[in-house]
Each structure stands twice: as structure tokens, then as C-alpha cells.
Amino acid sequence: MKTGYYAWKSAAGSRTQQAFAATAAAPFDAEEIGLRATVSADAENSATGLVNLRIEARDIALAQEGDRYTCHLGIMSVGYLPNGLIAPNPVKRLDIQYSAAERDQALRDGIDVAEKLTASQGVNKFRVMVFDRGSNAVGSITIPAAAFQQMQR
């Protein structure tokens with residue numbers, strides 16, 4: 001009798017989508033990747049808030065390829081509605097290629113990313129999530145919608 005195991009190839013991006021779905025449904029933030037965020041008004045659109053996200057570079061896999069250091073991140077935000085529904089935004093890819101000096105600076109200072117979020121009616125809070133395809137690590141940070149409403153006054 002023969003026994004064995006066959007693994008079906010995963011569809012491209014399925015690990016990212018699974019990580020984001022699980023993180024969005026969780027009652028708490030994921031902490032494998034450290035994140036900090038500040039919220040400011042978007043000068044171009046008063047209905048949009050600007051989230052300045054700082055990603056802890058020490059928590060992601062920066063792979064050395066010759067004299068460059070690379071990583072492939074997915075960034076996604078969701079809004080939470082009072083009825084329990086989650087309003088997702090599209091996944092954005094962030095493909096990074098650093099020189100050794102740029103990598104050293106990122107390890108010191110973090111990786112800065114700006115994300116625009118629309119504070120639509122009924123959204124209680126937002127969650128911004130980062131997935132590292134190199135390590136399968138995920139991090140998230142939740143921002144109350146009140147932070148956006150205070151800026152619009």
C-alpha cells in the first residue's frame with residue numbers, strides 16, 4: 001500500500017488574503033510586526049484622513065540579494081461598521097529594495113508608509129494591517145474613527 005502527501009499549490013496572494021482576513025476578524029491587534037501610527041488631515045480631501053504608519057523593520061524579513069536587501073509587504077486597511085460588517089480596502093503591495101546603508105537606516109528608524117482612509121459615515125474604527133510575505137508575520141494597529149472626526153472640526 002502506498003501512502004503519501006500531495007500539497008496543492010496555493011493561489012498567488014492567498015497567504016496574504018488569509019492573514020488579513022484572520023487579522024481583521026480578530027478582537028485584538030496582531031503584534032508580530034510592530035506598528036505605530038499618527039493621524040493627520042489630508043490637505044487634498046477633507047473627507048480623508050492620512051495615517052502615517054511606521055513599520056518596525058527589525059520585525060520583517062529583509063533578504064539579502066547581492067548588494068541589495070529586499071522585502072515584500074502587503075498593506076490593507078478595513079473599516080468596522082456598527083452592524084458588525086467589515087469594509088475592506090484593496091491590498092497594496094510594498095516591494096522594498098534597500099542598499100546596505102538604507103537597510104541600516106530602516107533598522108534604526110523604521111519604514112514610513114502613508115495610507116489614506118476615508119472616514120465614511122458609520123465606521124467606528126479602522127485597522128491597518130501589514131503582512132510580510134518573507135516571514136508570514138503580520139502586524140496591525142486599530143485607530144478609532146473619532147481621531148478622524150476631531151480633525152474635521
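Bear in mind these aren't lab numbers, they're just calculated from the coordinates by the rules spelled out. In this text the structure is predicted, and so the values were computed from the model without any measurement.
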Taking only the alpha carbons of the range 18-72, the radius of gyration and the largest Cα-Cα distance, Dmax, both in angstrom, are 15.5, 45
Using the scaling law 2.2 N^0.38 Å as the reference, what is the normalised Cα Rg of the range 60-124?
1.53
Whole Å is fine, so just give me how far the alpha carbon centre of the range 134-149 lies from that of the range 33-67.
10
First obtain the Kirkwood hydrodynamic radius of the range 31-151 from its Cα pairs, then insert it into the Stokes-Einstein equation at 10 °C and 1.306 mPa s, and state the resulting D in µm² per second as a whole number.
105
Amide H contacts under 5 Å for I143, placed H, 5+ residues apart:
F126, R127, V128
